[in-house]
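The values are calculated or read from the model by the stated rules, or taken from the named source; none is laboratory data. Please read these numbers as outputs of a predicted model, since none were measured by experiment. Note: ideal-geometry Cβ built from the backbone for every residue, glycine included; neighbour counts use all protein chains shown. Keep in mind that these areas ignore ligands, DNA and RNA; they rest on the heavy atoms of the full protein, side chains included. Shrake-Rupley method; radii C 1.70, N 1.55, O 1.52, S 1.80 Å.
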Amino acid sequence: MPTLSVYNMTNEKVGDIELSAEIFDVEINEGLVHQAVIMQLASRRLGTHQTKTRGMVRGGGRKPWRQKGTGRARAGTRRSPLWRGGGTIFGPHPRSYTFTMPRKQRRLALKCVLTDKVKNENLVVLDDLNFDAPKTKDFVAFQKTFGVDKSKALFITKELVENVVLSSNNLQNAKTISAIQLNVFDILNSEKVFVTKEAVEKIEEVYA
């Protein structure tokens, strides 16, 4: 069972916390993690690309020339894909790229990336995370305290805290999510992950 230090917002140690081995100390399956990331990115694709088939192209209602006697190849319509301005053969059409994974596999992939952050000392547990008012400069000062003002960091709270969300919205290298919104891609895409004690309890409650 891994044990981590708990820090306050000024980077002072205020205690320790024991993390559930069932979530934060599992065997890492890289193939499963890769599949989970691909699934998440695929679900973000809009799939709105569209090309016109010969039936969608304007014109071509009349046969270009008679069938025989001209010395040219037979042609029935100017909308043929063989013609300039004609339709497109096997072109893309609106579709969904979404695919799903079994629930147990999705959860295991999430546990794998959390375990990786713990083993590489990239998971920081905070006693609390909140601000008196939504100010970006206060959030930047908080980041500098932990030395992550120039690196990507993910901040996880039990529930979305308005002042925290508003303070970090304008920062490209910071993202705030709730424990319920936990996902593989955001964790992997962050160099450091900050999670509050309440969020840890919520994660263990949901995924244990």
Can you grab the distance from the C-alpha centre of region 49-85 to the C-alpha centre of region 161-208, Å, no decimals?
-> 57 Å
Dipole magnitude of region 1-51 about its Cα centre, charges +1 at Lys/Arg Cβ and -1 at Asp/Glu Cβ only, in debye to the nearest 20?
-> 500 debye
Can you give the accessible area of HIS34 in Å² (nearest 10), computed on protein heavy atoms with a 1.4 Å probe?
-> 120 Å²
Which of the GluC sites (Glu not before Pro) found in region 83-182 are loop residues per DSSP with 15 or fewer other Cβ atoms within 10 Å of their Cβ?
-> GLU121, GLU159
Hey, can you rank 91-101, 110-120, 135-145 by average C-beta count inside 10 Å, highest first?
-> 110-120, 135-145, 91-101
If you average the sequence gap of Cα pairs under 8 Å that are 6 or more apart and divide by the length of region 1-157, what percent do you get for the contact order?
-> 32 percent
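So what is the accessible area of region 28-102 per residue, in Å², with the probe set to 1.4 Å?
For region 28-102, the per-residue accessible area is 78 Å².
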Sulfur and carbon atoms: percent of accessible area, region 82-201 [1.4 Å] = 47 percent
GLU18 - accessible surface, heavy atoms, 1.4 Å probe, Å² rounded to 10 = 120 Å²
What angle, in degrees between 0 and 90 and rounded to the nearest 10, separates the Cα long axis of helix 30-44 from the longest principal axis of the Cα atoms of the chain?
-> 60 degrees
Once the whole set of protein chains is in place, how much accessible area is left on ILE89, using a 1.4 Å probe, in Å² to the nearest 10?
-> 100 Å²
Taking amide hydrogens as modeled 1.01 Å from N in the peptide plane, which residues meet the under 5 Å criterion relative to PHE155, leaving out close sequence neighbours?
-> LYS175, THR176, ILE177, PHE194
Between 0 and 90°, nearest 10: helix 136-146 axis offset from the chain longest Cα axis | 60 degrees
Measuring with a 1.4 Å probe in the full set of protein chains, what accessible area per residue, in whole Å², belongs to region 120-165?
-> 54 Å²
Using just the helices of the chain, give the 222 nm mean residue ellipticity in deg cm²/dmol: DSSP H runs with n ≥ 4 each add -39,500 (n - 2.57), and the total is spread over all residues, rounded to 500.
-> -10000 deg cm²/dmol
Folded to 0 to 90 degrees: helix 197-207 orientation relative to the chain principal axis, Cα = 50 degrees
